[in-house]
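The values are calculated or read from the model by the stated rules, or taken from the named source; none is laboratory data. Since this is a predicted model, take the numbers as computed values, not measurements. All Cβ positions, even for glycine, are placed from backbone atoms using ideal geometry, and neighbour counts span all protein chains on display. Keep in mind that these areas ignore ligands, DNA and RNA; they rest on the heavy atoms of the full protein, side chains included. Shrake-Rupley method; radii C 1.70, N 1.55, O 1.52, S 1.80 Å.
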Amino acid sequence: MSRPQQNGNPLNDDDRQPWLERIRDVCFSVQAKNETAVVVCSALKKQYRDIIREG
């Protein structure tokens, strides 16, 4: 759990960046191995979805 969450505060965009990059990396790794996976993330903002899609 990140420090903002530990203090009861929501994450900001900077806090979310590493999480989104990790989700992206996992998705591309699974694809590169021709494997199947289900990855769930709300990614409500277009900016979040763009980070996940870039590769």
Considering the stretch 46-55 alone, what residues qualify as being touching a residue at least 24 places away in the same chain (Cβ under 8 Å) and open to solvent by 80 Å² or more (accessible area, probe 1.4 Å)? Q47, R53, E54, G55
Any chance the stretch 32-54 includes a residue that's among the hydrophobic types (A, V, I, L, M, F, W, C), in contact with a Cys (Cβ under 8 Å, 6 or more places away or on another chain) and not in a helix (DSSP H, G or I)? yes
Counted residues, the stretch 2-22 - those being assigned to a helix (DSSP H, G or I) and at pLDDT below 90: 4
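Every residue, every condition in (1) surrounded by 11 or more Cβ atoms within 10 Å (Cβ to Cβ); (2) in contact with a helix residue (DSSP H, G or I) (Cβ under 7 Å, 6 or more places away or on another chain); (3) not β-branched (V, I, T), yes or no:
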site	(1), (2), (3)
Q5	yes, no, yes
G8	no, no, yes
L11	yes, yes, yes
E21	yes, yes, yes
F28	yes, no, yes
V40	no, no, no
L44	no, no, yes
